[in-house]
Amino acid sequence: MRLSRRLLCMTMAAALAGGASAALATAGSVTQLSGTLSVKKPDGSVRILSQKSEVQNGDTLNTERDSYAQIRFEDGARLTMKPNTSIKVENISFAEDKPQEDSFVFGLLKGGLRAVTGLVGKRNKDKYQVGTATATIGIRGTTFAAEDCVSNREGECRRLDPAVYVTVSDGEVVLKNAQGEVGIAAGQFGLIAPNQRPLFLSTDPGLQFTPPATFIQSVMAGSAVNTGKNLECVVRK
């Protein structure tokens, strides 16, 4: 995508009021943003997002270089995306009085993220799944980070074998693919190489998750990084 493409900007109210997207259920929203976050909709249209932009099922979210974004979902779950990261919101559904309809399924297409589970992950652990290039990550009520060093062979990934690396800060995750599965608890690390059984790592792979200080401070304070930037931009070719 070339930055020279013309941007047609609109206020959030106008963006959400018209078109077929207004009829779609909201899965979450952008709560913090430092840099550029875009979304590719199921119809192929691309939009540059801002703080408070809505996120819907079927959206593919992309952060640019040096950009961090935090998405908060309806059940309270949070995803913080690293630079050059792409995630696909597959099927996220939450209604407080309908636990039987819970679903929290998304895919890490490239890059890295840090995830904190919400109510779906607490009351229906089997309904929370993260697809990656090499395996599926299931949870047991947790905070974890995942980095795809299969699709990305630049930066810190260059010194590591091609694999998806998982770090658990709280709770436990289960790494599962066709070759087998392994449980990773708080303070532990896992590796999932292509076409191989997931493995427990005895040492930290050393993948850093260090958003800018302003981003961290705004998350802790509940304030906005891009104060006043309440515009979405539709990308036109």
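The values are calculated or read from the model by the stated rules, or taken from the named source; none is laboratory data. Quick caveat: nothing in here was measured; it's all calculated off a predicted structure. Note: ideal-geometry Cβ built from the backbone for every residue, glycine included; neighbour counts use all protein chains shown. Side chains included, ligands, DNA and RNA excluded: accessible areas come from the protein's heavy atoms. Shrake-Rupley method; radii C 1.70, N 1.55, O 1.52, S 1.80 Å.
Between Thr142 and residues 5 or more places away or on another chain, which pairs have amide H atoms under 5 Å apart, with H built 1.01 Å from N, and which residues are they?
Amide H to amide H, under 5 Å and 5 or more residues apart or across chains, Thr142 pairs with Thr117.
Provide the FRET efficiency to the nearest 0.05 for the Thr60-Ala178 pair, computing r from the beta carbons and using R0 = 25 Å.
Values: r = 25 Å, r/R0 = 1.00.
Efficiency, rounded to the nearest 0.05: 0.50.
From the cross-link list Lys122/Lys176; Lys40/Lys176; Lys98/Lys122; Lys110/Lys176, which pairs have alpha carbons spaced over 23 Å apart? Numbers along the way, then the final one.
Details: Lys122/Lys176 20 Å; Lys40/Lys176 28 Å; Lys98/Lys122 14 Å; Lys110/Lys176 18 Å.
In this structure, Lys40/Lys176 exceed 23 Å between Cα atoms.
List the residues whose amide H sits under 5 Å from the amide H of Ala163, counting only those 5 or more places along or on another chain, with H placed 1.01 Å from N in the peptide plane.
Cys149, Val150
Which whole-Hz couplings ³J(HN,Hα) result when phi for each residue of region 83-95 is put into the Karplus expression 6.51 cos²θ - 1.76 cosθ + 1.60, θ = phi - 60°, listed in order with x for Gly and Pro?
For region 83-95, the Karplus curve yields x, 6, 10, 10, 10, 10, 7, 7, 7, 10, 9, 8, 9 Hz.
Enter the accessible area of Lys88 (Å², nearest 10), with the probe set to 1.4 Å and all protein chains included.
Near enough 50 Å² of accessible area.
What distance in nm separates the simple spin-label points at Ala213 and Thr26, each placed 7 Å from Cα in the Cβ direction?
3.4
Pulled fully out, how much extra length does the chain show between Arg123 and Ala185, if you take 0.36 nm times their separation in residues and subtract their Cα-Cα distance?
Values: separation 62, 0.36 × 62 = 22.32 nm, distance 1.88 nm.
This chain segment gains 20.4 nm when fully extended.
Where Lys and Arg each count +1 and Asp and Glu each count -1, what net charge lies around Glu154 among other residues with Cβ under 15 Å from its Cβ?
Details: positive: Arg65, Lys82, Lys110, Arg153, Arg158, Arg159; negative: Glu64, Asp66, Glu147, Asp148, Glu156, Asp161.
With Lys, Arg at +1 and Asp, Glu at -1, the net is 0.
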